[in-house]
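Just below is one structure, and these are the notes that go with it.
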Amino acid sequence: MKRKQYSPSVVRGVFYAVILVTLGACTGRAENTEVSQEEQQVTVPKVPVASVQVDQPEYTLSLPGELQPYEQVDIYPKVKGFLKALHVDRGSQVKKGQVLATLEAPEVNQQLSAAKAQAQKLYEDFVYSKQALKRLQQAAAKDGAVAAIELDRASTKVRSDSAAYVAAKASASSISAMREYLTIKAPFDGVITARNFSVGALVGEAGSQATPLFSVAQQSRLRLVVAVPEKHAQSLDEETPLSFKVSNRPGKVFHAKLSRNSKVLNQKLRSVNVEFDVDNREQALSGGEYAQVQLKLQRPDSTVWVPASSVVNAQSGVFVLKVENDAVKRVPVVEGMRRENLQEVFGNIKAGDLVVLKGSEELKEESKVQPVKN
């Protein structure tokens, strides 16, 4: 079979085509190699970071508060009786020991008269038995005139009558003291805030549903009660200053200092109730008012601060992204107070640690980064 012969020009064209294809393939592989190396460098992102700080700043905390009378009490009659006279009414200013009302209870007088008569009778019996014992003792001076058992009986009678008299006297004193309860007096200086009965009413009914005769409150001195959140409770001390305003005195600022701190958290509100004594002798304030409070606080120790933008609030929790050995690590934290662009946090971080300036959930745990200090 005869082979087909190709011209020299055709053979040269085929040869050049093969060389071009080969060179193109090699060039493509080199370009792909360079692109993959560039891509490999791009996969490690540059991330701005900031250093963790420690500080112990003073700060102001704004909270609501409630003004309460320094002392407040409901007055109930101790004995049952009819209201004979009222000497004060709602709004009356009273002094400690001042008579507020008088009651009338005829049965108490009857009981006192009977108790006194009984005590008098028993006293006479006691005197007689003492005299009888004395006569027996004189007669016993002669041998055999009085039997020893008679002396014993007389002595026992004296002791018995003495005990009966003492008991009757105590009973009469007790009933006499009850008569003093028919006069209702003020327990302290204050103002009558409620009067619930009129003259002639029967008062002194016992039971948990009993209605008080009066309510008295001390207004010259007030308690400002403030619930301080748990995360600020340790910033309070004995000299913590406070300023506050009330709505009925616009523009007026009042001042006080910490007086009492329960130091026990309210389990429902997660707060500590503290009290500030307020001088109100000028009657500028009223018990029951709400106040807007400004507290000057300072942590007892230095705490950790990070940029506010570093804190991530996600469904999985609150955390910051710490950069260590060019790798990201999620550190759970609890937020404290906010101060301008800084956020106080509590967690496993310390001064000098690096955290991602703008935290994001997109940065995964242990992902590699190139930290860039801000």
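Worth pointing out:
- D279 contributes about 90 Å² of solvent-accessible surface, heavy atoms of the protein only, 1.4 Å probe.
- Accessible area in the full protein assembly, largest first, 1.4 Å probe, for H87, H255: H255, H87
- A straight line joining the Cα centroids of region 221-244 and region 269-283 runs 8 Å.
- Computed accessible area, R270, all protein chains, 1.4 angstrom probe, square angstrom: 90
- Share of Cα-Cα pairs in region 309-374 lying beyond 21 Å, as whole percent: 17
- Across region 254-259, computed HN-Hα scalar couplings (Karplus, 6.51 cos²θ - 1.76 cosθ + 1.60, θ = phi - 60°) run 10, 10, 7, 10, 4, 10 Hz from first to last residue, x flagging Gly and Pro.
- Three principal axis extents describe the C-alpha atoms of region 247-374; from largest down they are 68, 32, 28 Å.
- Carbon plus sulfur fraction of accessible area for the chain, probe 1.4 Å, in percent: 51
- For the chain, calculated [θ]222 nm from helices alone, where every DSSP H run of n ≥ 4 adds -39500 (n - 2.57): -10000 deg cm²/dmol
- Exposure rule at most 13 other beta-carbon atoms within 10 Å, DSSP loop GluC sites (Glu not before Pro): the chain longest free segment: 1-204
- Region 226-321 - accessible surface per residue (Å², probe 1.4 Å): 57
- Spatial separation of Cα centroids for region 293-325 and region 114-167, in angstrom: 88
- Kirkwood Rh (inverse of mean 1/r, distinct Cα pairs), the chain, angstrom: 31.2
- Here's the list of aspartates and glutamates a cross-link from K157 could span, going by alpha-carbon distance under 16 Å and ignoring same-chain residues fewer than 8 apart: E124, D125.
- Local charge for F254 was computed over the other residues whose Cβ lies under 10 Å away, with Lys and Arg +1 and Asp and Glu -1, and equals +2.
- Scalar couplings 3J(HN,Hα) for region 196-202, obtained by applying the Karplus form with A = 6.51, B = -1.76, C = 1.60 to θ = phi - 60°, are 10, 9, 10, 4, x, 6, 7 Hz; x denotes Gly and Pro.
The values are calculated or read from the model by the stated rules, or taken from the named source; none is laboratory data. Keep in mind it's a predicted model, so treat the numbers as computed, not measured. Virtual Cβ from ideal backbone geometry, glycine too; neighbours counted across all protein chains shown. Accessible surface areas use protein heavy atoms only, side chains included; no ligands, DNA or RNA. Shrake-Rupley method; radii C 1.70, N 1.55, O 1.52, S 1.80 Å.
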